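Below is one structure; the comments refer to it alone.
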Amino acid sequence: MFDKKMPEAWRVLRIQSEIVDGIEHLIKVSYAAILFGSARLPPASPYYQAAEDMGRRLSQAGVNVITGGGPGIMEAANKGAHNQGARSIGLNISLPMEQSANAYQDISLYFRYFFVRKFMFMKHAIAFVIFPGGYGTLDEMFEVLTLIQTGKSEPFPIILYGRDYWAGLIDWLRKTMLADGCISESDLDLFQVVDTPEEGARIIIEYHHQRLVESEQE
């Protein structure tokens, strides 16, 4: 939580220490798929099961998986990726409720500041998968969309999981934001929607393999 008693200069040092610590711990993690979603969805949820399945598929294909480290969808993705070939990583955040680290993390880091945590996500991302979630999930989704839209990040797959869940938002983006000229048609091409773990994992794995080929050619 925000510490009103801490002098501004000391707060800057705390922020700096979080950045340095994150970079040091993740220095060997050159790439990862970032999986987001609600902390409130239980193991019985089809979305939880899909996230676990996708995490497993990605890890078995050699793609590291990073989540927010907490319960729900984050736990599911870490659980699926854990001990399956690639790293299962959690970037936890200190919150007054909901956030407790799940038990399926090869690397588990803790952050006080959301913007430092977001920086770490983006630094290693080769894809974002956005499962159903709340305000935090939408925050991460629009953050990455904005960074790619504005050219602050190289484009990579942004995948929304669950057509039924996201249909209303996508409809509003098209019929309101696009219709009023607040976004361009091409902005709607920055993300794609899938309904199965197989489809989502395939998109990411193919993109990852293409990156490897291009890197070898360089």
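Things to note:
- Other-chain or far-sequence residues with amide H under 5 Å of VAL129's (modelled H): ILE34, LEU35, PHE36, ILE159
- Ratio Rg/Rh [Cα only; Rh per Kirkwood] for the chain: 0.97
- Sorting the segments 50-56, 126-132, 103-109, 164-170 by their mean number of nearby beta carbons within 10 angstrom, highest to lowest, gives 50-56, 126-132, 103-109, 164-170.
- For LYS79, the aspartates and glutamates whose Cα comes closer than 16 Å to its Cα, not counting residues fewer than 8 places off in the same chain, are GLU52, ASP53, ASP106.
- Cα centroid separation, segment 130-192 to segment 1-74 (Å): 20
- Partners for LYS123 among aspartates and glutamates (Cα-Cα distance below 18 Å; same-chain residues under 8 apart left out): GLU18, ASP21, GLU24, ASP139, GLU140, GLU143, GLU154
- Taking the Cα centre of the chain as reference, the dipole from Cβ charges on Lys and Arg (+1) and Asp and Glu (-1) amounts to some 700 debye.
- Cβ-based charge dipole, segment 25-112, positive-most Cα from PRO43, MET74, GLN105: GLN105
- A simple rule links phi to the HN-Hα coupling: the Karplus curve 6.51 cos²θ - 1.76 cosθ + 1.60 with θ = phi - 60°, which for segment 22-27 gives x, 4, 5, 6, 9, 4 Hz, with x for Gly and Pro.
- Distant alpha-carbon pairs in segment 100-218 (separation over 18 angstrom), percent: 61
- From its DSSP helices (H runs of at least four residues, each -39,500 (n - 2.57)), the chain gives a residue-normalised ellipticity at 222 nm of -14500 deg cm²/dmol.
Bear in mind that the values in this text are calculations on the coordinates, not laboratory data. None of the values given here were measured: they were computed from a predicted structure. Because the Cβ atoms are built from the backbone with ideal geometry, glycine has one as well, and the counts that use them run over all protein chains shown.
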